[in-house]
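> Dropping the structure in here first, questions after.
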Amino acid sequence: MNPKKLPPVCRIIGTGRAVPERLLTNADFEKMVDTTDEWITTRTGIKTRHIAEPGTPLSKFASEAGHKAIENAGLTPDQIDYLIIGTVTGDMKFPAAANFVQAKLGLVNASTFDISAACSGFLYALEMADALIRGQKAKNVLVIGAEILSSITNYEDRSTCVLFGDGAGAAVVAPRESDDEGGVLSTYTGSNGELYHLLYGPGGGSLHPPKNRDLPSELFTIHMAGNEVFKAAVKTMGDAAVEALDRAGIHEDDIDMLIPHQANLRIIDATAKRLKLDHDKVYINIERYGNTSAASIPIALDEANEKGLLKKGDIILCVAFGAGFTWGSTAIQW
Ligand code: UT7
């Protein structure tokens, strides 16, 4: 579907983030697997990642980020009508991570659900929030992207373990009240399940149920054909970015800030190059967080918001790509 440009109906009125305190540095990984700070830095741009203590539930960080976003929006928990969490590492198989966060935050009037779209989860959730508000099914929607990727990372596999981190980011989406306000100008999502085998976590579902105790533990961790994913990410992030611009009826030179999914500095650079953007218009924090999947865009959005880098009227473009494959993009006027 390729909808014609629609007037914006909602905007982001608050943001928040929360990450574990503990850091794993490249020097730590040099002691764990056959790698070097030099390889990790030049191939990925990552220096440190925040890692939760084993057994920490996702809802801890997701609720802290959500609490901050609600406060930043100037709302109270009872004013949230929907909570949507993008994650592949919820507290339990069921219920949804959103149920745990609802209870922790006292979102007594909220319907809740999770979206499993890996690194694109936050932008999928944002598209759902836009649709719910457009359809007048909700007023205030709390959207969270959160992951405890350390719970599904194989710390003996050097090709993946150095990449991932934990954390949560959140945004409150609410109706625009006047034409002077900014808004979500466009959303776009896509998927290609035929390529699932290039990035996936095979164990724990109905195909390889966890109750089968003979399964090897590696089945429950992230499997990735890094280079294949890299090539697909570069092409798809660029295409998705252009699609969000087209849907919003704006151009590359209208962009004030690109907030891309932080999977690899080289992928971010390639996306910026495709959009002909200077470095100072690209928000990059991968060196401090690694790849936090669905959490990476809302963490970056909250940091940029907190630093006052997003000015009223600015055009912000967010774009993500991840397992599924899934992808998403959105153009926002702040
Ligand atoms: O978040 C959603 C999607 N995820 C992504 O977008 C991630 C996409 N992929 C990537 O970011 C990159 O492909 C990686 C960072 C994972 C890998 O970088 P690469 O440049 O594609 O390297 P490669 O997989 O082609 O491996 C190159 C070499 C190999 O050695 P040989 O075969 O050339 O001798 C690997 O074994 O690098 C080796 N290698 C490492 N060496 C030191 C792989 N991991 C490591 C490591 N330390 N940690």
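The values are calculated or read from the model by the stated rules, or taken from the named source; none is laboratory data. Since the structure is predicted, the reported quantities are computational estimates derived from the model, not experimental observations. Cβ placement follows ideal geometry from the backbone for every residue including glycine, while neighbour counts extend to all protein chains displayed. For the accessible areas, the whole protein counts, side chains as well, though only heavy atoms, and no ligand, DNA or RNA atoms are used. Shrake-Rupley method; radii C 1.70, N 1.55, O 1.52, S 1.80 Å.
> Of Pro77, Pro54, Pro175, which is the most mobile in a GNM of the chain whose springs link Cα atoms less than 10 angstrom apart?
Pro54
> How much accessible surface does Asp254 have with a 1.4 Å probe, in Å² rounded to 10?
Asp254 exposes around 60 Å² with every protein chain in place.
> With a Förster radius of 30 Å, plug the Cβ-Cβ distance of Asp253 and Ala131 into 1/(1 + (r/R0)^6) and report the FRET value to the nearest 0.05. Kindly include the intermediate steps, with their values, before the conclusion.
Numbers: r = 29 Å, r/R0 = 0.97.
Using R0 = 30 Å, I get an efficiency of 0.55.
> Follow-up question, since we're still on this one. Most fluctuating residue of Leu199, Leu58, Leu219 in a GNM of the chain with Cα springs under 10 Å: which is it?
Result for the chain, Cα springs under 10 Å: Leu219 fluctuates most.
> Could you go through the stretch 277-293 in sequence order and give the Karplus-derived ³J(HN,Hα) for each residue, using 6.51 cos²θ - 1.76 cosθ + 1.60 with θ = phi - 60°, rounded to whole Hz, and x for Gly and Pro?
9, 6, 4, 6, 9, 10, 8, 10, 9, 4, 4, 9, 10, x, 8, 9, 6
> Which loop-located trypsin sites (Lys or Arg not before Pro) does the stretch 177-257 contain, where loop means any DSSP state but H, G, I, E or B and the Cβ has at most 13 other Cβ atoms within 10 Å? Working shown, then result.
Details: sites: Lys211, Arg213, Lys231, Lys235, Arg247; in loops: Lys211, Arg213.
When the trypsin sites (Lys or Arg not before Pro) of the stretch 177-257 are filtered for loop state and at most 13 Cβ neighbours within 10 Å, Lys211, Arg213 remain.
> Which loop-located GluC sites (Glu not before Pro) does the stretch 5-52 contain, where loop means any DSSP state but H, G, I, E or B and the Cβ has at most 11 other Cβ atoms within 10 Å?
On the way: sites: Glu21, Glu30, Glu38; in loops: Glu21.
Those satisfying the criteria are Glu21.
> While we're looking at this one, here's another question. Measure off 7 Å from each Cα along the Cα-to-Cβ vector at Asp239 and Lys139, then give the distance between these two points in nanometres to one decimal.
It works out to 4.1 nm between the two label points.
> With all protein chains present and a 1.4 Å probe, how do His208, His279 order by accessible area, largest first?
Numbers: His208 55, His279 125 Å².
Listed by decreasing accessible area, they come as His279, His208.
> Rounded to the nearest 10 Å², what accessible area does Trp327 have for a 1.4 Å probe in the complete protein model?
The value for Trp327 is about 40 Å².
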